[in-house]
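Asker: Can you keep this structure in mind? I'll have questions shortly.
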Amino acid sequence: MKRLRSGGGWAAILYTLRMANRVGWWQLWRAMRSKNACKTCALGMGGQAGGMRNEAGHWPEVCKKSLQAMVADMQRGLEPAFFAKYSLAQLRTLSPRELEWCGRLTTPLYAGPDDTHYRVVDWNFAFDRLTRQFHQTKPEQHFFYASGRSSTEAGFLLQLFARLWGTNYVNNCSYYCHQASGVGLGQALGTGTATVTLDDVEKTDCFLLLGGNPASNHPRLMRTLMMIRRNGGEVIVINPMREVGLVNFRVPSDVRSLLFGSPIASLYVQPHIGGDIALLTGVAKELLERGAVDRTFIENATEGFNEFQDRVRRFSWDQLTLAAGVDRATMAQLADRYARARSAVFGWTMGITHHEHGVENVRAIVNLALLRGMVGRPRAGLLPIRGHSNVQAMGSVGVMPSLRQELFDNLQHHLGCELPRSPGLDTMGCMQAAAAGRLRSALCLGGNLYGANPDSQFAQQALEQLDLITYLSTTLNTGHVWGRARETLVLPVLARDEEPQPTTQESMFNYVRLSDGGPRRLPGPLSEVEILTTLADRVLGSSGPVNWNEMSKLCHVREMIARIVPGWQRLAEIDRTRREFTISGRILHTPRFATPTGKAHFAALELPSHPLGERELLLMTVRSEGQFNTVVYEEEDIYRGQERRDVILMNRADIERLGLHPDQRVTVRSATGVMPNILVRPFEVRAGNAVMYFPEANVLVARQVDPQSKTPAFKSVRITIEAVESSTRRSLPVLAAG
Ligand SMILES: Nc1nc2c(c(=O)[nH]1)N[C@H]1C(S)=C(S)[C@@H](COP(=O)(O)OP(=O)(O)OC[C@H]3O[C@@H](n4cnc5c(=O)[nH]c(N)nc54)[C@H](O)[C@@H]3O)O[C@H]1N2
Ligand SMILES: Nc1nc2c(c(=O)[nH]1)N[C@H]1C(S)=C(S)[C@@H](COP(=O)(O)OP(=O)(O)OC[C@H]3O[C@@H](n4cnc5c(=O)[nH]c(N)nc54)[C@H](O)[C@@H]3O)O[C@H]1N2
Ligand SMILES: [Mo]
């Protein structure tokens, strides 16, 4: 497959045309223009400004990802005959892509212990079974998981139901995503989210992008990065792998960029996987040696500087360059550019959080920002680049195992009753408890807990221990066939733009958007909120602290959120004014922080170490251009020039050193699992490191988590590679959908 020389551009536009052919031009155009927040990443497009418009009002912002998601939601419905025809065993042979393109779920499905096929059931059966489960189990035998695509209102009601029922076993996909950012920022600044607005990012002098590939995963950020360069600013990329779209990108909505391409990175630094703390400490050491630090800011607005400085001085240059995999000259170059910048924004993604030292990684970024006073003023600050389109709201409204004190107090006060104070459980904590037989059932509001989980075999076995697992989903995914309990319920839900009532979403810039919803495309699915309020009414009744019938009107849910969630007061008026807003108290344009002393904290950090054996490599598991998490839309990854997913990308030097050759079939092993028949592909990744695609590679990822954020180390898996003599191709039977 041909390697592209820049990201975006014509490939993205051609893709749009192909997708439009699939579902009809007029339908797709109308869907993309509706007043609904974009369904994919958390940059937050659309809402009342209309689809394809960003927070700065720029139009048209087109993105392949939103098209893929939209076209997937516009598929025809799965007929009951499909489930009579194909057994669970046959469905298990389908790839994530094949499952996604089977069609939309339209009827509740049920499979019991002796069933060979999913049975189509009616809603009454589903609610009866679920209600019985709640009545037969104790509160702490049940856990709740939410992905980040659901509405804020559904998330709020999910945790409200769980807490009134009596458990804190409530969590969301951020435990496998940005939790380390929330924890790290909380420790350092007393906040858990971005300190900047989109406008700050667009006007900054210097954007440092660590551990992310926005060309694929946040394409609309690429326009902003292009503009920073056009205005004479710097974009510094820190990534072990050379991502072509971060070198050059053709922004489809900009004619000049589309025709000629836009340079993105002004400096591209490739550390080892896990080498960021060493690299950032090296840059800090350089700045300290030059005296290029903001003394006034450090004195007035921070704490812990002396200890930090001592720690940095203690490391030798050899220690730092070896651990980072970056030489001193490059560190100095990075320091030069950062020292020159009058303002700087640090943005990061999963390359930073998916480690056992994820929180320390985040603290290292904050340290560097504090050193030059780059937090707490306009055009400068910190930006965790969030994944799911509404994952940030899940945290804001309490889909978490432990509530912030203020939220907990407000909630109790508002409800006028005692809520459970027993410790909650994070996502891996729940999986471990399930595996140990301590839990009986689970309710998943979207997502694919099986597919997202490290150690796939363990995940399957853990979920099998449960009596009942219930998935609220739009389409089929691997979780429905591999992540089953003794009994499984799959409940079809409406997508955001089919909701009968408006819903809200929160962007990574703390901006709350209003989505209008729209007409249903298919008969059958219910809204997430209708399912949750019906269930809560059946289990808890409506005579207690919450009248669930009333809660099925979303304006009532919003009034309650406005009263109890700090910073969300303006949500109370949004139904009347339709005015979207920035959550108060989050954006930091002055150097006062929400810590007890009002000061920001430096952290003295150790260097993580990954000593590798001679034949070992450190593996990261990443997304391709053609997928959204566990949902694979296309097999190919156009930016990385891969036409298939069963590959391992390696540095040429490692391929030679291990006596392998390109396109050779190998077996990849870790302490957790084995993946046979993988193709070796050369790639510009720092030697000693390798790359495979998530979710397939979750077979290899261990269950250990970062002790502070409980996030698995999806990006640092120790592996060995063995050549396979005769090549046997794995081929997947393809089933006809519908
Ligand atoms: N198209 C598409 N868009 C998406 C998603 C999707 O699956 N597909 N998923 C959404 C979600 S939930 C999320 S969280 C985001 C994820 O967005 P990203 O974080 O951009 O996604 P990953 O593919 O996990 O990419 C991680 C990047 O980190 C780099 N990296 C790996 N290890 C390290 C390291 O130790 N240090 C540094 N500095 N870099 C490292 C990799 O080379 C890779 O470029 O995207 C969101 N948007
Ligand atoms: N090895 C490895 N593992 C990883 C990662 C990695 O980089 N490497 N990344 C991790 C990250 S960052 C994340 S966020 C997790 C993702 O974990 P999850 O959020 O659990 O998984 P998704 O694949 O995003 O969930 C997709 C499913 O959501 C359902 N869905 C889509 N839209 C809606 C909707 O509007 N409502 C409802 N109710 N359902 C809907 C569809 O049925 C679809 O199949 O995976 C994590 N796992
Ligand atoms: Mo994520």
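Asker: Does Glu616 satisfy the condition of being of a type in the set (Asp, Glu) and either under 28 Å from Asn410 (Cβ atoms) or touching a helix residue (DSSP H, G or I) at 6+ places or on another chain (Cβ under 6 Å) (or both)?
Answerer: Answer is no for this residue.
Asker: For region 304-332, how many residues meet the condition of being crowded, with 16+ Cβ neighbours inside 10 Å and outside any helix (DSSP H, G or I)?
Answerer: Residues in region 304-332 being crowded, with 16+ Cβ neighbours inside 10 Å and outside any helix (DSSP H, G or I): 4 in total.
Asker: So, in region 174-213, of the ones that are out of contact with any helix residue (DSSP H, G or I) (no Cβ under 8 Å at 6 or more places or on another chain) and outside any loop (DSSP other than H, G, I, E, B), which residue ends up surrounded by the most Cβ atoms within 10 Å (Cβ to Cβ)?
Answerer: Only one residue tops the list, namely Asp200.
Asker: Separate question: Just to be sure I understand, how many residues within region 338-357 are under 25 Å from Val293 (Cα atoms) and of a type outside the set (A, V, I, L, M, F, W, C)?
Answerer: Counting residues in region 338-357 that are under 25 Å from Val293 (Cα atoms) and of a type outside the set (A, V, I, L, M, F, W, C) gives 5.
Asker: I need every pair where a residue in region 457-479 that is over 21 Å from Ala126 (Cα atoms) has its Cβ under 7 Å from the Cβ of a residue that is of a type in the set (D, E, K, R) and at pLDDT 95 or above, sequence separation at least 6 or different chains.
Answerer: So the pair list comes out as Phe458/Arg703.
Asker: Now a separate question. Closer than 30 Å to Asp115 by Cβ, modelled with pLDDT under 95 and assigned to a loop (DSSP other than H, G, I, E, B): is that true of Arg521 in this structure? Please lay out each step first, then the result.
Answerer: Values: closer than 30 Å to Asp115 by Cβ: yes; modelled with pLDDT under 95: yes; assigned to a loop (DSSP other than H, G, I, E, B): yes.
Judged against the criteria, Arg521 is a match.
Asker: Would you please name the residue that is nearest to ligand 2 (Cβ to nearest atom), looking only at residues in region 214-237 that are of a type in the set (S, T, N, Q) and under 26 Å from Arg372 (Cα atoms)?
Answerer: Of everything passing the filter in region 214-237, Thr224 is nearest to ligand 2 (Cβ to nearest atom).
Asker: Same structure again: Is it true that some residue in region 133-148 is under 30 Å from the mean Cα position of the chain (by Cα), within 16 Å of ligand 3 (Cβ to nearest atom) and assigned to a helix (DSSP H, G or I)?
Answerer: Within region 133-148, not a single residue is under 30 Å from the mean Cα position of the chain (by Cα), within 16 Å of ligand 3 (Cβ to nearest atom) and assigned to a helix (DSSP H, G or I).
Asker: Within region 232-270, restricting attention to residues that are away from ligand 1 (no atom under 16 Å from the Cβ) and at pLDDT 95 or above, which residue is surrounded by the fewest Cβ atoms within 10 Å (Cβ to Cβ)?
Answerer: Ranking the qualifying residues of region 232-270, first place goes to Gly232.
Asker: Cβ-Cβ below 8 Å, separation at least six or inter-chain, first residue in region 92-107 and assigned to a loop (DSSP other than H, G, I, E, B), second of a type in the set (Gly, Ala, Ser) and within 13 Å of ligand 2 (Cβ to nearest atom): which pairs?
Answerer: Here the result reads Trp101/Ala72; Leu105/Ser473, each pair linking region 92-107 to a residue that is of a type in the set (Gly, Ala, Ser) and within 13 Å of ligand 2 (Cβ to nearest atom).
Asker: A further question on this structure: Which members of region 450-493 meet the condition of being under 21 Å from the mean Cα position of the chain (by Cα), more than 17 Å from His388 (Cβ to Cβ) and aliphatic (A, V, I, L, M)?
Answerer: Listed by number, the residues that qualify are Ala459, Leu476.
Asker: Which count do you get for residues in region 108-123 that are outside any strand (DSSP E or B), of a type in the set (Gly, Ala, Ser) and surrounded by 15 or more Cβ atoms within 10 Å (Cβ to Cβ)?
Answerer: Residues that pass the stated criteria total 0.
Asker: Among (1) buried (at least 17 other Cβ atoms within 10 Å of the Cβ); (2) more than 13 Å from ligand 2 (Cβ to nearest atom); (3) closer than 30 Å to Tyr175 by Cβ, where does His135 come up short?
Answerer: Failed condition: (1).
Asker: Follow-up. Any residue in region 397-413 that is within 16 Å of ligand 1 (Cβ to nearest atom) and either in a loop (DSSP other than H, G, I, E, B) or assigned by TED's automatic domain parsing to the domain that holds Ala154 (or both)?
Answerer: Within region 397-413, one or more residues are within 16 Å of ligand 1 (Cβ to nearest atom) and either in a loop (DSSP other than H, G, I, E, B) or assigned by TED's automatic domain parsing to the domain that holds Ala154 (or both).
Asker: Evaluate the following for Ile574: is it touching a residue at least 40 places away in the same chain (Cβ under 8 Å), out of contact with any Gly (no Cβ under 8 Å at 6 or more places or on another chain), among the hydrophobic types (A, V, I, L, M, F, W, C) and surrounded by 13 or more Cβ atoms within 10 Å (Cβ to Cβ)?
Answerer: Here the answer is yes, as Ile574 does meet what is asked.
Asker: Mind listing whichever residues of region 152-188 are more than 14 Å from ligand 2 (Cβ to nearest atom) and hydrophobic (A, V, I, L, M, F, W, C)?
Answerer: The first filter runs over region 152-188 and keeps only residues more than 14 Å from ligand 2 (Cβ to nearest atom), leaving 156, 159-170, 183-188.
Listed by number, the residues that qualify are Phe156, Leu160, Phe161, Ala162, Leu164, Trp165, Val170, Val183, Leu185, Ala188.
Asker: If you check Ala81, Ala126, Ala69, Ala89, which single one turns out to be modelled with pLDDT of 95 or more, in contact with a strand residue (DSSP E or B) (Cβ under 8 Å, 6 or more places away or on another chain) and in a helix (DSSP H, G or I)?
Answerer: Checking each option against the conditions leaves just Ala126.
Asker: Turning to a different aspect of this structure: Any residue in region 691-713 that's among the aromatic types (Phe, Trp, Tyr): show its pairings with residues that are near ligand 2 (Cβ under 9 Å from one of its atoms) and not in a loop (DSSP other than H, G, I, E, B) at Cβ separation under 8 Å, as long as the two are six or more apart or on different chains.
Answerer: Between residues of region 691-713 that are among the aromatic types (Phe, Trp, Tyr) and residues that are near ligand 2 (Cβ under 9 Å from one of its atoms) and not in a loop (DSSP other than H, G, I, E, B), the close pairs are Tyr693/Thr621; Tyr693/Val622; Tyr693/Gln627; Phe694/Thr621; Phe694/Val622.
Asker: Looking only at residues that are under 26 Å from Pro384 (Cβ atoms) and of a type outside the set (Ser, Thr, Tyr) in region 496-512, which one is nearest to ligand 1 (Cβ to nearest atom)?
Answerer: That would be Met508.
The values are calculated or read from the model by the stated rules, or taken from the named source; none is laboratory data. Here the structure is a predicted model, which is why all the values come from computation and not from measurement. Here Cβ is always computed from backbone atoms with ideal geometry, including for glycine, and neighbour counts include all displayed protein chains.
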